[in-house]
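All remarks here apply to the structure that follows.
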Amino acid sequence: MAVATSIFKYREFTKSSIEMLVNQELWFAKPDTLNDPFECQMMMPEMLESIWRHHEVEQKEREEISRSLTERLDDVGICSFSKTRQNQLMWAHYSDEHKGFCIGFSEQDLIQDIHPVHSATVEYQKDLPYKGVIERIKFFEAHPSSELPFQNSPDSIASDILSSAISIKYTNWSYEKEVRLIKMKFGAYKFHPSSVVSIAFGLRMNERDKVTLRKLLSGPEWSHILWFQAQKMPDKFGLEFVRI
């Protein structure tokens, strides 16, 4: 039997974190609200200009692609997770310097809860993600066939650009080991408590906050959760998680 894959969300102990769990809702954010200035919407003009420089596209088609991208970027929502809960930088940056907690979700169950949704493992590179887009455009130009599922058109090219922009980030972010769930419309989406498989307390989390969180999630719908405490590893710079 295959072991379910967990994806992790680092959180501060705040009102919004408590509301997320109590209301059983995840927020899918618009790209222009994310913390990387090179995210999708902000880097799109540069990315499009790179594509036009390296591949000839008629002005009318450029305008159609740009319009389609703008419409989709205004609607799309992204919810970010990590493949690991052992990253000290993530605990420092997203869990209030280890004073917060980390939620482990079953990726498969979460996808079922908020279907339809697209799961993308983020790739990290130094260049803007236009090279792959250009390669695919040229491939389908050279192999026009009704048997191929993807053909060049303003809408299909716009979809390809958006997908590449959403799933590729600058190399310096690679420590995050990010997984993104993507909805075509931003906003709050319900998940079932069974999608939450674990909660780990940070090294410095306040004891009172731990008690509060466990009381908030003391109902029968949360009884399956595995609780952990982060601890320093005895012989290396790392974290280990002890079942409590």
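The values are calculated or read from the model by the stated rules, or taken from the named source; none is laboratory data. From a predicted model like this one, the values you see are computed outputs, not experimental measurements. We place every Cβ from the backbone using ideal geometry, glycine too, and count neighbours over all the protein chains shown. Just the protein is used for accessible areas: all its heavy atoms, side chains included, with ligands, DNA and RNA removed. Shrake-Rupley method; radii C 1.70, N 1.55, O 1.52, S 1.80 Å.
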- Task: Would you mention how many residues in region 211-230 are under 21 Å from E97 (Cα atoms) and surrounded by fewer than 12 Cβ atoms within 10 Å (Cβ to Cβ)?
- Result: 1
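What number of residues within region 185-205 satisfy the criterion of being open to solvent by less than 20 Å² (accessible area, probe 1.4 Å) and either among the charged types (D, E, K, R) or more than 19 Å from F241 (Cα to Cα) (or both)?
Count: 4.
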- Task: Taking S16 as meeting all but one of (1) in contact with a Phe, Trp or Tyr (Cβ under 8 Å, 6 or more places away or on another chain); (2) closer than 25 Å to G187 by Cβ; (3) open to solvent by 50 Å² or more (accessible area, probe 1.4 Å); (4) modelled with pLDDT of 95 or more, write down the number of the exception.
- Result: (1)
- Subset of region 26-43 [open to solvent by 10 Å² or more (accessible area, probe 1.4 Å) and modelled with pLDDT of 65 or more]: W27, A29, K30, D32, T33, L34
- Item | Matching residues in region 90-113 - criterion: being more than 17 Å from M205 (Cα to Cα) and among the acidic types (D, E) | E107, D109, D113
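Does I199 meet the test of being without any contact (Cβ under 8 Å) to a residue 60 or more places away in the chain and out of contact with any His (no Cβ under 7 Å at 6 or more places or on another chain)? Break it down stepwise before answering.
Values: without any contact (Cβ under 8 Å) to a residue 60 or more places away in the chain: no; out of contact with any His (no Cβ under 7 Å at 6 or more places or on another chain): yes.
Criteria not met by I199.
From I78, I65, which residue is open to solvent by less than 60 Å² (accessible area, probe 1.4 Å) and under 18 Å from the mean Cα position of the chain (by Cα)?
On the way: I65 fails: under 18 Å from the mean Cα position of the chain (by Cα).
Sole residue among the options that is open to solvent by less than 60 Å² (accessible area, probe 1.4 Å) and under 18 Å from the mean Cα position of the chain (by Cα): I78.
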- Item | Those helices (runs of 4 or more DSSP H) lying entirely in region 54-151 with at least 2 residues at pLDDT 85 or above and under 21 Å from V179 (Cα atoms) | 88-94, 107-113
- Query: If R208 passes every condition in (1) open to solvent by 70 Å² or more (accessible area, probe 1.4 Å); (2) touching a residue at least 40 places away in the same chain (Cβ under 8 Å); (3) part of a helix (DSSP H, G or I); (4) charged (D, E, K, R) but one, which one does it miss?
  - Reply: (2)
- Being farther than 15 Å from R180 by Cα and part of a loop (DSSP other than H, G, I, E, B), is that true of even one residue in region 34-52? yes
- Item | Any pair with Cβ under 7 angstrom, 6 or more apart, that starts in region 57-80 at a residue that is within 14 Å of I161 (Cβ to Cβ) and ends at one that is surrounded by fewer than 17 Cβ atoms within 10 Å (Cβ to Cβ) and not hydroxyl-bearing (S, T, Y) | R62/W52; S68/D155; V76/M184
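Go through I182, I161 for me and flag whichever is crowded, with 16+ Cβ neighbours inside 10 Å, modelled with pLDDT under 95 and part of a strand (DSSP E or B). Break it down into steps so the answer makes sense when it comes.
Working: I161 fails: part of a strand (DSSP E or B).
It is I182.
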